[in-house]
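Participant: Here's a structure for you.
The values are calculated or read from the model by the stated rules, or taken from the named source; none is laboratory data. These numbers come from a predicted model, not from an experiment. With ideal geometry, Cβ positions are generated from the backbone for all residues, glycine too; neighbour counts draw on all protein chains shown. In case anyone asks, the SASA skips ligands and DNA or RNA and just uses the protein heavy atoms, side chains included. Shrake-Rupley method; radii C 1.70, N 1.55, O 1.52, S 1.80 Å.
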Amino acid sequence: SGRTARHFAEYCRLLQLPFLTWSRDRSRKFDTSDSDLVQKASAASHILLLISDSAITDFIKDHPFLKEKLFIHFSGALEIPGTVGAHPLMTFGPDLYTLAEYQKIPFVLTSQHVFSEVLPGLPNRSFQIAAEEKAYYHALCVMNGNFTTLLWQKMREGLKSLHLPADIANPYLEQVTKNILATPNLALTGPLARRDQITMDKNLQALHQHQDSFEQVYRAFKT
């Protein structure tokens, strides 16, 4: 019932793929005599566990019978024996997406399973990486998806503190995104691209005067 699970259920619905869902009751410990998990698992050909990374290992340990089926998790960082990791390279927001948007999502696998066997019926592109490179791959995903989000959130907050509407940054964000997609190696602009030391020093001085913790972030990117 989490965000990724809701998105994937919607994708299956749009593709008209048959699926069952089961959601954990965190208020009590799992009891096979008191749950429909066993029933639903026995009726399924594939088991997809879409919960937080920190809970995956313990959940599998508590429910070993799930590994009797082809068992898939979506973690981008974990490599768990007896399971298949299929990481969707996408961020999942609160609103559901269109079929076309779901179909664009690439999946990255570390096992030798064929993607059409892991997630049958999905037309998405898939790629293989070595298991030992999974943590590095996921670090790249976290940095690019989340660090940039934090920076844009910071800009919106800063504009508001200057009594400016936060949405005036939207055209800037849209053009930055277009530039990165069109010409990634030429997308960097401003004082960092020009190596304009005078302007960068002024920026750092202003951040320091405002006692802004993002001064250290600027310094890190400046180098």
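Participant: Taking amide H positions as placed in the peptide plane 1.01 Å from N, state which residues far from Ser126 in sequence (5 or more) or on other chains have amide H under 5 Å from it.
Facilitator: For Ser126, whose amide H was placed from the backbone, the distant partners under 5 Å are Phe107.
Participant: OK, next. Under a straight-distance cross-link criterion of Cα-Cα below 16 Å, which lysines are reachable from Lys222, leaving out those fewer than 8 residues away in the same chain?
Facilitator: Within the straight-line cut-off, Lys222 pairs with Lys202.
Participant: Turning to a different aspect of this structure: Relative contact order for the chain: what is it in percent, counting Cα pairs under 8 Å that are at least 6 residues apart? Present the calculation step by step, with values, prior to reporting the outcome.
Facilitator: Numbers: 195 pairs, mean separation 27.2, N = 223.
12 percent.
Participant: What three numbers, in Å, describe the spread of the alpha carbons of region 96-155 along their principal axes, ordered from the longest?
Facilitator: If we take the Cα atoms of region 96-155, the spans are 44, 33, 12 Å.
Participant: Mind putting a number on the dipole of region 98-159 about its Cα centre? Charges go on the C-beta only, +1 for Lys and Arg and -1 for Asp and Glu, and I need it in Debye to the nearest 20. Each step should come with its number before you reach the end.
Facilitator: Details: 5 positive and 5 negative charges, 44 e Å.
Charge dipole of region 98-159: 200 debye, to the nearest 20.
Participant: Which percent of the accessible area of region 73-223 is formed by carbon and sulfur heavy atoms (probe 1.4 angstrom)?
Facilitator: Working: 6130 of 10200 Å².
Carbon and sulfur: 60 percent of the exposed surface of region 73-223.
Participant: Subtracting the Cα-Cα distance from 0.36 nm times the residue separation, let me have the gained length for Lys160 to Ile129 in nm, one decimal. Please list the in-between numbers first.
Facilitator: Working: separation 31, 0.36 × 31 = 11.16 nm, distance 4.29 nm.
My answer for the length gained is 6.9 nm.
Participant: Provide, as a two-decimal number, the C-alpha radius of gyration of region 73-177 over 2.2 N^0.38 Å, N being how many residues it has. Write out the running numbers ahead of the final one.
Facilitator: Numbers: Rg = 17.6 Å, N = 105, 2.2 N^0.38 = 12.9 Å.
That works out to 1.37 for region 73-177.
Participant: For Gln153 and Ala169, calculate 0.36 nm times their separation in residues minus their Cα-Cα distance, and state this gained length in nm to one decimal. Write out the running numbers ahead of the final one.
Facilitator: Values: separation 16, 0.36 × 16 = 5.76 nm, distance 1.04 nm.
In short, 4.7 nm is gained.
Participant: Tell me, what is the FRET efficiency for Ala43 and Ser111 to the nearest 0.05, using R0 = 25 angstrom and their Cβ-Cβ distance as r?
Facilitator: Working: r = 24 Å, r/R0 = 0.96.
For Ala43 and Ser111, the calculated efficiency is 0.55.
Participant: Which log10 I(q)/I(0) values does region 125-223 give at q = 0.12, 0.13, 0.18, 0.23 Å⁻¹ under the Debye formula, counting every alpha carbon as one identical point scatterer?
Facilitator: -0.55, -0.64, -1.11, -1.45
Participant: Express in nm, to one decimal, how much length is gained between Leu20 and His210 on full extension, taking 0.36 nm for each residue of separation and deducting their alpha carbon distance. Present the calculation step by step, with values, prior to reporting the outcome.
Facilitator: On the way: separation 190, 0.36 × 190 = 68.40 nm, distance 5.29 nm.
Result for the pair: 63.1 nm of gain on full extension.
Participant: Per residue, how many Å² of accessible area does the chain show with a 1.4 Å probe? Before the final figure, lay out each step's value.
Facilitator: Working: 14790 Å² over 223 residues.
Per residue, the chain has 66 Å² of solvent-accessible surface.
Participant: Quick check on the chain: helices-only [θ] at 222 nm, where DSSP H runs of length 4 and up contribute -39,500 (n - 2.57) each and the sum goes over total residues. Nearest 500, please.
Facilitator: Values: 11 runs with 101 residues, N = 223.
My calculation for the chain gives -13000 deg cm²/dmol from helical runs alone.
Participant: Output the antiparallel fraction of DSSP beta bridges having both residues in the chain, as a percent to the nearest 5.
Facilitator: Working: 3 of 12 bridges.
Counting only bridges with both partners in the chain, antiparallel ones make up about 25 percent.
Participant: Now for a separate question. Using the Cα centre as the reference, give the magnitude of the dipole from point charges on the C-beta atoms of region 1-102 (Lys, Arg: +1; Asp, Glu: -1; all else neutral), rounded to the nearest 20 debye. Walk me through the numbers on the way to the answer.
Facilitator: Details: 11 positive and 12 negative charges, 20 e Å.
So the dipole magnitude of region 1-102 works out to roughly 100 debye.
Participant: Among 161-168, 48-55, how do they line up from the highest to the lowest mean number of other beta-carbon atoms within 10 Å?
Facilitator: Averaged packing, sorted descending, gives the order 48-55, 161-168.
Participant: Using only the Cα atoms of the chain, construct the convex hull and provide its projected area averaged over every direction, in square nanometres to one decimal.
Facilitator: On the way: hull surface 64.7 nm².
If I average the Cα hull's projected area over directions, I get 16.2 nm².
Participant: Can you list residues from other chains, or at least 5 along the same chain, whose modelled amide H is less than 5 Å from the amide H of Leu70?
Facilitator: Correct list: Ile47.
Participant: About its Cα centre, how strong a charge dipole does the chain have in debye, to the nearest 20, once Lys and Arg get +1 and Asp and Glu get -1 at the Cβ?
Facilitator: On the way: 23 positive and 22 negative charges, 69 e Å.
For this selection, approximately 340 debye.
Participant: Place +1 on the Cβ of every Lys and Arg and -1 on the Cβ of every Asp and Glu in the chain, take the dipole about the Cα centre, and give the residue among Ala44, Pro171, Gly2 whose Cα lies farthest towards its positive end.
Facilitator: Pro171
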